[in-house]
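Everything below concerns the one structure shown next.
Since every read-out is calculated from the coordinates, none of them should be taken as a lab result. Small disclaimer: the values here were computed from a predicted structure and weren't measured. Cβ atoms come from the backbone with ideal geometry, glycine included; neighbour counts cover every protein chain shown.
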Amino acid sequence: MRARFRSLQLRLAMRLALVYVVATTIAVGILVYRAYDTAASLNDRELSLRASDLAQSVSVDGSGTPHLDLPPNLAAAYAAAAAADTFAIRAADGRLIAASPPAFGSASPDGRRPPMTRPISA
């Protein structure tokens, strides 16, 4: 049996409560979406900053061979978090310049390596 609300005031209060619940749900959904979007943007920015730091540390020696010369503080940071902070720097022809940990830069067991996302000019 369906309960009938006889009071106009009660019916209006119930409708208003429903509007508030729907509006609150939509607002919370938008806020959660924006929070995730902001977190993803910050992760992308941090990755770009790390790539820039590494790219600035690549130099070419007298024979034309590129190599990585990390500043001591950056080298210590990568050494301390070797499992969490991994990178591989390759030359435009695919040769490995540097990797941390070193095994990360080697070919996978099936002989393939991940494609380069963006070549870094030395």
Exercise. Quick one: length gained pulling residue 87 to residue 60 fully straight, 0.36 nm per residue minus the C-alpha distance?
Worked result: 7.8 nm
Problem set entry | Cα centroid separation - the stretch 84-101 against the stretch 17-73, whole Å | 20 Å
Exercise. What does a probe at residue 32 reach in the stretch 4-23, counting residues whose amide N is under 16 Å from the point 7 Å along Cα→Cβ?
Worked result: 21-23
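Averaging the inverse of every distinct alpha carbon separation and then flipping it gives the Kirkwood radius. What is it for the stretch 1-56, in angstrom units?
Mean inverse Cα-Cα distance, inverted, gives 15.3 Å.
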Exercise. Short version: ³J(HN,Hα) in whole Hz for each residue of the stretch 98-104, in order, from phi by Karplus 6.51 cos²θ - 1.76 cosθ + 1.60 (θ = phi - 60°), x for Gly and Pro, what are they?
Worked result: 7, 8, 9, x, x, 5, 5
Exercise. For residue 42 and residue 19, FRET efficiency with R0 = 30 Å and r from the beta-carbon atoms, rounded to 0.05?
Worked result: 0.30
